[in-house]
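To start, the structure under review is shown below, and the notes come after it.
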Amino acid sequence: MKGFVFSLKGLAKWPFIISSILLLVVCLTGVLKFTGPLTATYAHPTTSEASSPQTFTGGCTSGLQDTWTPADGVFYQGRTDKKEVALTFDDGPFGTVQSTHNTRAILNILEKNKIHATFFVIGEQVTSDPQQLDPNQVDPNSDQVKLVKQEKKDRDEVADHTWTHPHLPVLPLLPDQNNFGNKHDVQDELQMTATVLKNATGSTPKDFRPPFGETNKNVQQQASQLGLTTIGWTIDSCDWTQTLAGGATKNDIINNVLNFVTNGTIVLMHDGGEDRSQTVAALPTIIQGLKRNGYQFVTVQQMVTEAAQK
């Protein structure tokens with residue numbers, strides 16, 4: 001019994017030790033999440049994360065801005081000696097030509113303000129027959145094709161965001177020679193989207209953004225072989241959280257952009273995937289705030305070209 005009592009006394013220090021270890025783990029997890037390489041997921045929650053309630057108080061999580069050090073070879077910021085900003089929108093085209101919540105609404109705002117942006121388009125949302133994995137099936141009368149055509153007509157950049165929005169680093173790089181029907185490889189994901197965009201707009205995309213911000217050297221090399229520059233972002237508006245419990249509101253999205261913008265910033269936003277009404281509501285204020293601070297609006301491709309000239 002004495003030995004047992006002695007053991008309990010010895011355990012008295014353990015709560016403090018355990019709590020200290022847990023605190024250290026939480027801190028390290030936070031650092032890794034917000035300063036890790038682009039090879040991890042930052043742009044979107046995973047399926048498991050999206051299905052569980054989360055609380056956001058500005059920024060992406062707990063008031064923290066989503067920042068990271070991008071992988072080598074990823075273009076994530078324009079020239080810092082130019083007061084320019086590139087607004088980018090992922091996951092479209094989404095909605096109808098009359099929609100007030102997604103791609104059409106964003107195009108209207110850009111046109112009204114006489115500025116240009118970059119749209120990273122998902123290929124299967126442009127084809128008229130996504131189940132056949134055929135980038136040549138393009139219906140010029142579909143809303144999705146009309147929206148992409150309008151982007152091109154408005155002199156916005158239309159860029160590649162893969163065919164199905166997969167986690168690219170876990171896919172095979174090239175088609176399976178023993179299974180030609182399986183198009184879920186990095187080469188096909190990029191090439192099919194480039195083809196469907198060429199068929200829809202008449203122009204082949206020059207830039208590519210990996211879904212979820214997930215990439216590696218092999219993915220980037222494959223993109224380069226297809227003539228695509230891999231694009232990241234400088235700051236995340238965190239507008240993708242607006243559909244989660246406690247997610248970003250209009251004011252959160254505004255603050256996440258205006259409070260962090262610098263010369264050459266590439267801003268990550270979304271016109272697809274979900275109802276983006278909060279993004280649409282925030283966009284006019286973001287544009288006016290950037291204009292007030294003297295920023296010029298350019299496409300990502302303009303930034304890439306200017307960087308090569310420096």
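3J(HN,Hα) along the range 193-206: 5, 4, 5, 5, 6, 5, 5, 7, 10, x, 10, 8, x, 10 Hz, from the Karplus curve 6.51 cos²θ - 1.76 cosθ + 1.60 with θ = phi - 60°, whole Hz, x for Gly and Pro.
Close amide H pairs (under 5 Å, H built 1.01 Å from N) link Thr265 with Gly78, Glu84, Ala86, residues at least 5 positions away or on another chain.
Quick one: divide the alpha-carbon radius of gyration of the range 78-119 by 2.2 N^0.38 Å and tell me what you get.
1.36
Think of the range 241-304 as a dipole: +1 on every Lys or Arg Cβ, -1 on every Asp or Glu Cβ, centred on the Cα centre; then among Thr249, Gln278, Tyr295, Tyr295 lies furthest on the positive end. Cross-link partners of Lys112 among aspartates and glutamates, defined as those whose alpha carbon lies under 12 angstrom from its own and excluding same-chain residues fewer than eight positions apart: Asp154.
Can you give the extra length, in nm with one decimal, that the chain gains between Asp176 and Gln131 once fully stretched, where that is 0.36 nm per residue apart less the Cα-Cα distance?
Stretched fully, the Asp176-Gln131 segment lengthens by 14.3 nm.
With 20 Å as the limit on Cα-Cα distance, the pairs of Lys114/Lys291; Lys152/Lys291; Lys153/Lys310; Lys82/Lys291 that go past it are Lys152/Lys291; Lys153/Lys310.
Each value in this text was obtained by applying a stated rule to the coordinates, not by laboratory testing. Since we're looking at a predicted model, the values are computed, not measured. Cβ: placed from backbone, ideal geometry, glycine included. Neighbour counts: every protein chain shown.
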